[in-house]
Amino acid sequence: MIDFPRNRRNFDIVETKQMRRVAHETLDVHGGGTMVVWTGRQGIGKTTTAQWLVAQLAERYEEDHPDTFRTRYLETGGTPARSTKPGKKALRTVFTKAIGPLDEGVYRRAEAEDLAELILAGLKQQNVQLVLIDEAGKLSVDAIRGLVLVRNLAHTEGWDLTLVLIGMDNLGGMVRSVPQIDRRVEEWCYFKPYDVAETYTLLRELHPHFADLDLDDSEGRAQVEYLHEQYAGLPAQMVAFLRKLDHRQERVDREIDMKLIKAVHLTTVRDRRLALADSR
Amino acid sequence: MSTTREDLKKEHRIVLEATEVANLADLRVVTTREVVEALSAKERTTLDKAYSRPVKTAVGRILRQLRAKGLVFSAGKIGRCRYYGSVDELDPATAELPERRPRRRRVLAFVRILVDELGRAVRYADVVEGAEKRDELCDLTPKLIGRDLQNLTRSGELVVVGKVRGDGRGRNLYLPGELDPAKYAVDEPLTWLEEVAAAFETLWEEETAAAATEVRKPRPLSTGLVRSRLASEKPGLEQLEDPQLLVNAMRQLSESSRPVVQMIRRPNEKALLWAPVDVDDESLDVGDAYATDSERVATAVARAEERRGRPITILDARDEIELDPTLRPAGSQDLHVILWDVSRETVAHGDERRSRRHQRIVRLGRVEGKTYYSARGDERAVAQVRTRQLESRWKRLDAPGRLLGIKGCTLPTVAAGRVMLLQEELEGFRKEMDEVDTTGDLHSTDRDLLDRLAEATDGIIERLDQMMTELGDVAGDLPDVRDDTPGLTPRELQELLEPLYPRAAEVDDPTKLVPLLEKAIRRIPNPEHESRWSEDHDRACEHLFDRTDALLEAAKRWGGHQCRLHAMMAQAELGCLRDPRFILPALDEADYQRRLRSVACLAFVRSEESFQRLQLVAVKDPDQGVRDSATWAYGFSKTNRAGRLAESRSRSDERMDSGESIRWWRM
């Protein structure tokens, strides 16, 4: 019988050393028109870090304090193949997701520079000084050039705005390939995969089974090492695995042990292999 | 004989554990291959090193040995694959083999189910579409289905019982061999070509019957007639959206290996006509005689109305005239002039006007710029036009669009106002529908349309009621919404836009602005309208321009950054609401973004109270962005008082940016 998953565990964001490092590196360069690039493998925690940073800064924001500011996090939809005016489209995405609805007539009549000015005016109106743009690796070079216009304007007007481009490893290559963009990047933050000790720390925070585990015990260590090996130290995949583990444990009603962990992992691996074989 | 796990050698323990993992993963007995998949890379390497044979062979042997030792059991085989389970994980007494069937059997079984559901023989397209909707058949690709249908036909398990005019998605009709084709015959068109052929056949039968009654030869049919028939019988048919598709379909029906129709071309006539392929030219009629143009046009109207079953427009009359050239007016007057004349209720008689003795055609009203005429002029005809007018009004009301807009509104009190406004309008619309509905003699198409409109209206009214309930306390404190939208006459609009819009300055007659701007700026009924020929221009125009909408449009097109930002925010929040009493409470919201949006709205929806509140917000709001916006909004709406406010703010608030704001005040 199919039913909704009951008693779902809430996997809150776990603050890690890497998240704090990246946040500090980003805020340390905040100033008049800054660009920062965050890169790393999929599932390494870039989006989680961005959302955590937004929440942290929102908590500390004070209306009448001149040093505090608001932040915005948004995801771009990428640039479709053969898209016309990708720069303008990227600006439209930033406007609608960071400021508000953009009238179609206003969009059509405005040039890219005008749109960039409108965005800056909108950000200033709401005292937004940090904008995190996720999935920036899906944007084309021209689209990123469009975003750079906003940064340039902020720089010219002396408005403290930091744009953070977040993406996977291809983003770095793309930015580097265009000197006009590369020169404007003031900080690069690379998200490294977790090692075994960091994986253990993360698992302990996320799930009570691992919180009770002792790494000195061979079975406990084997479980952590197995998961670290299978999920290459990627938090997103580990969180997804833990959800499946919980559901499977409920269905078979047994304690979590190495066998159950392997069985849950096997169900995903096998279906993925079949799907890949089918697609060839 | 049973052995314990501890007695096993390392490689056997590995295989036993992998079996248990696989059993746990799939919650059933598993094959040797599935056990191999459950091995980790390290375990696979261990086995590889320990045995010279391939890992799969080694695992198979080990499983047999474990079975002999009583640690593993087998539930049986499917084909050549034996299924194993660990006694510690599964119960040997109850463990079952998984279900598997060959694909062809599954396709045949599914065809049987589909035939039963549809009550007729099925096409390839039916099987493919049906399979897509069922999870258990999701592995059946269209190619495989096609192949299996052919194979099943060859083996006689399926029989081809007929063919359809193809659309590229299968011509054959399949039935399981054991079923009686007569009981599962297809009695409705399955493809677009068949729809067109069926509509043509029905029309031709009617034309032949009419010709027999009128003692004349039947007349060939135009493409327009076939289109009208399809549109009335199958409204919403996708292919009718592109007129060329019907023409192409008629051509295909005339050019196929089994033609149904023939094309009739007449000299100097563009329109194509069609007749059944087996009717020769001598059996067709294209001639008759009329005394006056009025008679001709009246006959065209009557015939067109008869064919379409509804009042007709000038285009329908033209189609009818194309069909029968003897109906073409002999004089030089345009058709629309003749129609207008023939449909007048009074005629000039010296200096007087008298009622017409015999009115051949009645003018029933306009729908979306088209005038409808009727030869019958009865209650049904009137109801038909009123129904179309209601349909047009429903489109203009855009209730679904407005409902969506309300969902996107972030200010609760404004949302409540918009809900109340739409509720009122819909209740009025419902009353009008009920009046038409009480007409006894409604055509079935109109009845259907009214039913659909009623369902849509009631659905939205219900949704609006839910929204009001969800808005709860917010809605409770609010007054009744006012619908007295301030409007601008064309002349007032011209005065507003002249400094901004070059074309507004160029036109000498303000009414010429109407076609230029009526799509961009909402229009509302003029409460002071008297007559189109009134000497007072302000009372002559039937509609005014919504003032708020005009300001928003001007701001978006010609305003500076602040202007455009505020206009876009205000437009998204306000929708059609123009009552400031629903906006003012939002100035007290805790969320700065809501206060900002309410300030933007008040720049375009003005009242004395809003001016006073904006002044306060400009000085006292805790957020600087909101203060700046309020200053701008006040200036935009009350330019003559803005200078003093800007000065007083500049003294107390060093961070205020007044450059942009002052520039807009001077606009």
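The values are calculated or read from the model by the stated rules, or taken from the named source; none is laboratory data. None of these values were measured; they are calculated from a predicted model. Backbone-built Cβ (ideal geometry, glycine too); neighbour counts: all protein chains shown. Ligands, DNA and RNA are excluded from the accessible area calculation, which covers all protein heavy atoms including side chains. Shrake-Rupley method; radii C 1.70, N 1.55, O 1.52, S 1.80 Å.
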Among the residues of the stretch B:524-539, is any within 14 Å of another protein chain (Cβ to nearest Cβ), in a loop (DSSP other than H, G, I, E, B), touching a helix residue (DSSP H, G or I) at 6+ places or on another chain (Cβ under 6 Å) and open to solvent by less than 80 Å² (accessible area, probe 1.4 Å)? no
Just checking, does the stretch B:70-89 include any residue being outside any strand (DSSP E or B) and touching a Ser or Thr at 6+ places or on another chain (Cβ under 7 Å)? yes
Any residue at all in the stretch A:224-247 that's more than 9 Å from chain B (Cβ to nearest Cβ), touching a Gly at 6+ places or on another chain (Cβ under 9 Å) and among the aromatic types (Phe, Trp, Tyr)? yes
Go through the stretch A:101-136 residue by residue and tally those that are facing chain B (nearest Cβ under 10 Å), outside any helix (DSSP H, G or I) and open to solvent by 10 Å² or more (accessible area, probe 1.4 Å). 4
Any hit, the stretch A:266-274, residues being in contact with a helix residue (DSSP H, G or I) (Cβ under 9 Å, 6 or more places away or on another chain), open to solvent by 70 Å² or more (accessible area, probe 1.4 Å) and within 14 Å of another protein chain (Cβ to nearest Cβ): yes
Got a number for residues in the stretch B:193-220 being closer than 22 Å to B:VAL164 by Cα and touching an Asp or Glu at 6+ places or on another chain (Cβ under 6 Å)? 0
Going through the stretch B:585-611 in order, the residues found to be in a helix (DSSP H, G or I), farther than 24 Å from A:ASP64 by Cα and of a type outside the set (D, E, K, R) are B:CYS601, B:LEU602, B:ALA603, B:PHE604, B:SER610, B:PHE611
Under the condition of being closer than 12 Å to B:GLU11 by Cβ and hydroxyl-bearing (Ser, Thr, Tyr), which residue from the stretch B:37-51 is least open to solvent (accessible area, probe 1.4 Å)? B:THR46
With respect to B:ASP88, determine if the residue is within 14 Å of another protein chain (Cβ to nearest Cβ), open to solvent by 60 Å² or more (accessible area, probe 1.4 Å) and touching a helix residue (DSSP H, G or I) at 6+ places or on another chain (Cβ under 8 Å). yes
Does B:ALA125 fit the bill of being touching a Lys or Arg at 6+ places or on another chain (Cβ under 9 Å), aliphatic (A, V, I, L, M), part of a helix (DSSP H, G or I) and without any contact (Cβ under 8 Å) to a residue 60 or more places away in the chain? yes
Out of curiosity, is A:GLY77 open to solvent by less than 40 Å² (accessible area, probe 1.4 Å) and either more than 11 Å from chain B (Cβ to nearest Cβ) or touching a Lys or Arg at 6+ places or on another chain (Cβ under 9 Å) (or both)? no
Report, by residue number, each residue of the stretch A:44-92 that is touching a residue at least 12 places away in the same chain (Cβ under 8 Å) and of a type in the set (Ser, Thr, Tyr). A:THR47, A:THR48, A:THR49, A:THR71, A:TYR73, A:THR76, A:THR79, A:SER83
Candidates B:SER598, B:SER637, filtered to the one that is closer than 24 Å to B:ARG482 by Cα and buried (at least 24 other Cβ atoms within 10 Å of the Cβ): B:SER598
Which condition from (1) surrounded by fewer than 17 Cβ atoms within 10 Å (Cβ to Cβ); (2) at pLDDT 85 or above; (3) over 26 Å from A:ARG20 (Cβ atoms) is the one that A:TRP188 breaks? (3)
Quick check on B:ALA22: is it under 53 Å from the mean Cα position of the chain (by Cα), within 14 Å of chain A (Cβ to nearest Cβ) and either of a type in the set (A, V, I, L, M) or part of a helix (DSSP H, G or I) (or both)? yes
For the stretch B:30-60, which positions are out of contact with any Lys or Arg (no Cβ under 9 Å at 6 or more places or on another chain), within 14 Å of chain A (Cβ to nearest Cβ) and not in a helix (DSSP H, G or I)? B:VAL30, B:LEU39
Can you name the number of the only condition in (1) more than 23 Å from B:ASP285 (Cα to Cα); (2) modelled with pLDDT of 90 or more; (3) open to solvent by 50 Å² or more (accessible area, probe 1.4 Å) that B:GLU201 fails? (1)
Looking at the stretch A:191-200 only, could you name the residues that are more than 15 Å from A:LYS46 (Cα to Cα) and either surrounded by 15 or more Cβ atoms within 10 Å (Cβ to Cβ) or touching a helix residue (DSSP H, G or I) at 6+ places or on another chain (Cβ under 6 Å) (or both)? A:VAL196, A:GLU198, A:THR199, A:TYR200
Given the options B:GLN562, B:GLN612, B:GLN571, name the one that is over 28 Å from B:PRO515 (Cβ atoms), within 14 Å of chain A (Cβ to nearest Cβ) and not acidic (Asp, Glu). B:GLN562
Inside the stretch B:553-583, can you point out the residues that are of a type outside the set (A, V, I, L, M, F, W, C), under 29 Å from the mean Cα position of the chain (by Cα) and not in a helix (DSSP H, G or I)? B:GLY575, B:ARG578
Which number in (1) closer than 26 Å to A:TYR226 by Cα; (2) out of contact with any Phe, Trp or Tyr (no Cβ under 7 Å at 6 or more places or on another chain); (3) in contact (Cβ under 8 Å) with a residue 24 or more places away in the chain marks the one condition that B:GLU37 misses? (3)
In the stretch A:80-100, which residue that is open to solvent by 40 Å² or more (accessible area, probe 1.4 Å) and under 25 Å from B:GLY625 (Cα atoms) is nearest to the other protein chains (Cβ to nearest Cβ)? A:THR96
Per-region count, the stretch B:579-595, residues open to solvent by less than 40 Å² (accessible area, probe 1.4 Å) and within 14 Å of chain A (Cβ to nearest Cβ): 2
Take the conditions of a type outside the set (Asp, Glu), open to solvent by 70 Å² or more (accessible area, probe 1.4 Å) and more than 24 Å from B:SER155 (Cβ to Cβ) and apply them to B:ALA75. Does it pass? no
From B:ARG386, B:ARG376, B:ARG402, B:ARG360, grab the single residue that is touching a residue at least 40 places away in the same chain (Cβ under 8 Å), of a type in the set (D, E, K, R) and within 30 Å of B:LEU596 (Cα to Cα). B:ARG402
What do you reckon, is B:THR413 in a helix (DSSP H, G or I), touching a Lys or Arg at 6+ places or on another chain (Cβ under 9 Å) and in contact (Cβ under 8 Å) with a residue 60 or more places away in the chain? yes
Could you figure out which of (1) open to solvent by less than 70 Å² (accessible area, probe 1.4 Å); (2) within 14 Å of chain B (Cβ to nearest Cβ) isn't true of A:LEU203? (2)
